[in-house]
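Trainee: Take a look at this one; I'll ask things after.
Taken together, the values in this text are just the output of simple stated rules run on the coordinates, not laboratory data. Everything quoted here is computed from the prediction, not taken from an experiment. Methodologically, a virtual Cβ is constructed for each residue, glycine included, from the backbone with ideal geometry; neighbour enumeration extends over all protein chains shown.
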Amino acid sequence: MKRVKINDITIRDIFQNTELNYLDRKKISSILSGYRDLKFDSLEIMGGSGFENMLSSSLGMNPFEIAYFIKQQLPSATLQVLIGAKSLTGPEVYSGEIIKKFISLCLKNGINSFRVYDSLNDLDNMKFTVSEIVDKGGACQGTIIYDNLLDIGCYIDSSRKLEKMGCSSICIKDAENTIMPGHTAKLFDALSVELKVPVFFSASNLRGLQTLNYYEACVSGCGGVDLSFIPSSYNDFTPTLFSFMLGLKDADISFKVDYEKAVKLAELIKKDIYPYIRHDLFSTRFILNQSHKSLMPKWLISSIDRQLREIGENKSLDVVLEEVLRIKDEIGNPSLSTPVGQIIGSQAILNTVISDNRWEILCDEIKKLIWGYFGKLPREVNEKITSKLESISEEEKSRIKTENGNVYQQCEKELENKTCREEDILSYCLYPEKTGEYLNKKESPASKKVLQGVKIGTAGDPGGTGNDPVSILGKLDTKKFKEITDIVESSNIDEITFELEGIKISINSTGKQTRIPENYQARDNNITGNRPGFPKVEQQPGTIIIRSPIVGTFYTSPGPEEPPFVKAGDRVKKGDTLFIVEAMKLMNRVKSEHDGEIIEILAANEDALEYDQPVMVLKEK
């Protein structure tokens, strides 16, 4: 029996298509816990506007930290990101150095699968990014944007070239909802015969055809599909998991996901996510009355609508959407994927709302697009437009064509008083305004309060008594120090201890001071290693289950030769340290939130713990 792989994109959907002010760590952790027993082949957590939206969420983390947060809770999951080959997650073209840093930081923070596309299907644009991913040990899925004007041979030829570049799989992405079921069957039948690597299919469902398209693809040799727990009826989303499962029920095709466990997670997502989905124009009336416009990506229509509302021209939406399709045809029918969709949308507003005549004003980006800055357009540009560009002076051309060089050093300098973390700096390179707002929140009085809980000691004085904290701080790299205090501020941990440049430091978010054991030895924690399953605990009346707040290594005592913090039968008070969880060489003390008696300890010293794993049972007094 053939097995089809499933790439779940629910998490990316949440960050792209819902109101994020409500989303806190408790809710996202609850959702992630539902994924632990579901054997998805990959989880696409980030890409496109989702990256930018993460910076505005209430989680208090940048996108790379969110990826790491997810990986900690799902250590065995394959996490995936969707990126443009040169534009990454936004509308700009970035230098090789920025692309390298982005890939490195993704890998560092738990993302090891990259779905790479070019909006113009210019394979030359993809060579550098694909090579960098493969060289660094990541899995690369080369993506071809579906174009209904291409014949099947073009898809086979492009797929073979991507395979030679090092792509371990291929994806056909229908960004504009134009593929028909009959052609889907022929395309995937041909690709499955001609290629050695599996071919995936990714499509949104605005026209209501994609469940049927998915069925035709899977029975014709497709190796995997994108699915989501958010119903496509809510918006322009990917087909849902359940319609896919039901559609293939009688076919000779299997998948790894357990139906009953998926139902439980679906109920949780329905409760915590559905009320906050943005609907953005997409009533049934709009889709049926404007069928030709439904070929556009949903995000593009929403973006144009938002821009028009900002200038008080929302009544012009219909005219602008007509103009988008007209411009698209005039410049060679490129895909409306990022960044081309944004560029054509902006020019459409200029042509219809701002200017008296079409093409009276040309935005710099449309000039770059036509001149090949973003890659080779798939077809010829209308002569009237190219002749208009010929009148532009060489000086102006030089200004417009100037490439977006390596801005990393410039951004690093601009942020030198706020952060030295690569993740923050790179986020600022991509989205300076949103990252600036995010960092300002980190510098709020609430975050500065954490410094009240700093305790400093040296080898001769591990508790910190008898030393002047100000003089000791002067010896430290203050950027590194701020970086670690940021971790405390944005976490649910009361206290961490670490050694920085020979000085032992404890940071306590509640202002409590704790002596740092001088002989405590940290050990590495491999978050992808094997872990014992959760113990089965029957909670009795009056008892409290104490769980691990993070993925890490369990320690019963402050040092190898020291007695445990608590034993079964010990009485504890609120605020007493119960155990330590070590993660990334940081010692996280877990304290009791209640007075009571330790009834049972469920983990052994140096056991690997998962997030939310039961560790102790306490009887409240």
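Trainee: For every other residue with a beta carbon closer than 12 angstrom to the beta carbon of LEU268, add +1 if it is Lys or Arg and -1 if Asp or Glu, then tell me the sum.
Mentor: +3
Trainee: At what distance in nm do the modelled label points of SER58 and LYS376 sit from each other, each positioned 7 Å from its Cα along Cα→Cβ?
Mentor: 5.0
Trainee: Moving on. Separation between the SER391 and LYS573 pseudo-spin-labels, each 7 Å from Cα along Cα→Cβ, expressed in nm?
Mentor: Each label point is offset 7 Å from its Cα along the Cβ direction, giving 8.4 nm.
Trainee: Work from the charge dipole of the range 2-276 (Cβ charges, +1 for Lys and Arg, -1 for Asp and Glu, about the Cα centre) and give the residue of GLY60, GLY84, ILE45 farthest towards its positive end.
Mentor: Final value for the positive-end residue is GLY60.
Trainee: Taking Cα pairs under 8 Å and at least six residues apart, what relative contact order does the range 2-276 come out at, in percent?
Mentor: Relative contact order of the range 2-276: 20 percent.
Trainee: Sticking with this one: Between ASP329 and VAL193, what FRET efficiency follows from the Cβ-Cβ distance if R0 is 45 Å, with the result rounded to 0.05?
Mentor: Once rounded, the FRET efficiency stands at 0.85.
Trainee: I've got another one for you. For the range 2-276, what value does the Rg/Rh ratio take when both radii are computed over Cα atoms and Rh is the Kirkwood radius, given to two decimals?
Mentor: 0.94
Trainee: Among the chymotrypsin sites (Phe, Trp or Tyr not before Pro) within the range 8-106, which fall in a DSSP loop and have no more than 14 other Cβ atoms within 10 Å of their own Cβ?
Mentor: Those that pass, being in a loop and sparsely packed, are TYR22.
Trainee: Then there's this: Take the cross-link list LYS39/LYS101; LYS328/LYS368; LYS100/LYS173; LYS39/LYS173; LYS86/LYS328; LYS328/LYS388 and give me the ones stretching past 19 Å between alpha-carbons.
Mentor: Where the Cα-Cα span goes over 19 Å, the pairs concerned are LYS39/LYS101; LYS100/LYS173; LYS39/LYS173; LYS86/LYS328.
Trainee: Continuing with the same structure: Counting Lys and Arg as +1 and Asp and Glu as -1, what is the net charge of the other residues whose Cβ lies under 10 Å from the Cβ of ARG12?
Mentor: For residues surrounding ARG12, the net value is -4.
Trainee: Between the DSSP loop rule and a limit of at most 16 other Cβ atoms within 10 Å, which trypsin sites (Lys or Arg not before Pro) in the range 72-181 are left?
Mentor: For trypsin sites (Lys or Arg not before Pro) across the range 72-181 that sit outside H, G, I, E and B with at most 16 neighbouring Cβ atoms in 10 Å, the list reads LYS136.
Trainee: Between LYS5 and MET180, with labels modelled 7 Å along Cα→Cβ, what's the label distance in nm to one decimal, could you check?
Mentor: It is 3.1 nm.
Trainee: Which of rounded, prolate, oblate describes the range 543-620, given a ≥ b ≥ c as roots of the alpha-carbon gyration tensor eigenvalues and a/c under 1.5 marking rounded, otherwise prolate only if a/b is larger than b/c?
Mentor: prolate
Trainee: Now for a different question. For the range 62-76, what does the Karplus curve 6.51 cos²θ - 1.76 cosθ + 1.60, with θ = phi - 60°, yield as ³J(HN,Hα) per residue in whole Hz, taken in order and with x for Gly and Pro?
Mentor: 7, x, 5, 5, 5, 4, 5, 4, 5, 5, 4, 8, 10, x, 8
Trainee: Give me the net charge for the shell around THR78: Cβ to Cβ below 15 angstrom, other residues only, Lys and Arg +1, Asp and Glu -1.
Mentor: +3
Trainee: Here is a follow-up. Please give me, ordered by residue number, the trypsin sites (Lys or Arg not before Pro) of the range 554-614 that lie in loop per DSSP and have at most 12 other Cβ atoms within 10 Å.
Mentor: Passing both the DSSP loop test and the Cβ count: LYS567, LYS573, LYS574, LYS585.
Trainee: Grab the beta carbon distance between ASP24 and LYS108, set R0 = 22 Å, and tell me the FRET efficiency rounded to 0.05.
Mentor: My answer for the efficiency is 0.30.
Trainee: Next question. Note the count of lysine pairs whose C-alpha atoms are less than 18 angstrom apart in the range 543-620, limited to pairs 8 or more residues apart or on different chains.
Mentor: Lysine pair count for the range 543-620: 7.
Trainee: A further question follows. Between ILE354 and LEU150, 0.36 nm times their residue separation minus their Cα-Cα distance comes to what?
Mentor: Separation in residues times 0.36 nm, less the Cα-Cα distance, equals 70.0 nm.
Trainee: A further question on this structure: Quick one: if the Förster radius is 45 Å, what FRET efficiency do ASP364 and LEU268 give, using the C-beta to C-beta distance and rounding to 0.05?
Mentor: The computed FRET efficiency comes out at 0.45.
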